[in-house]
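Single-structure report; data block below.
The values are calculated or read from the model by the stated rules, or taken from the named source; none is laboratory data. Computed from a prediction, not measured in an experiment: that's the story for all the values here. So basically every Cβ, Gly included, is an ideal-geometry build from the backbone, and we count neighbours across all protein chains shown. The protein model used for the area step is the full one, side chains on, heavy atoms only, and it has no ligands, DNA or RNA in it. Shrake-Rupley method; radii C 1.70, N 1.55, O 1.52, S 1.80 Å.
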Amino acid sequence: MSTLSSAIYSLARDPKILAKLRAEVLATIGKDAAPTYEDARGMKYLRAFVNEVLRMFPPGAQLNLSRSEE
């Protein structure tokens, strides 16, 4: 599972987190502006959310084994 998939899964499981994250993004950036790197750095809840997703679903190496048809 990718980090983005893990983040979306986490948001789908807890609508309160989604609402709080959306409120922070709208308060920081607004509805019409494009986000900048500085905007993202200033959003503490977003940073905490991403860190928690990475903690719960670490992006480790995947070992996909398959049998050869030889």
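The modelled label-to-label distance for the pair residue 29/residue 3, using points 7 Å beyond Cα in the direction of Cβ, is 1.6 nm. Shape class of the chain from the Cα gyration tensor (axes a ≥ b ≥ c, square roots of the eigenvalues): prolate, since a/c reaches 1.5 or more and a/b is larger than b/c. For the chain, the longest principal axis of the C-alpha atoms and the axis of helix 44-56 are separated by about 10°. Relative to the longest principal axis of the Cα atoms of the chain, the long axis of helix 15-28 lies at roughly 50 degrees. Here the contact order of the chain, divided by its residue count and restricted to Cα pairs under 8 Å and six or more residues apart, works out to 40 percent.
Here the chain has 58 percent of its accessible surface on carbon and sulfur atoms, given a 1.4 Å probe and all protein chains in place.
Surface exposure of the chain, expressed per residue as accessible area with a 1.4 Å probe, stands at 86 Å².
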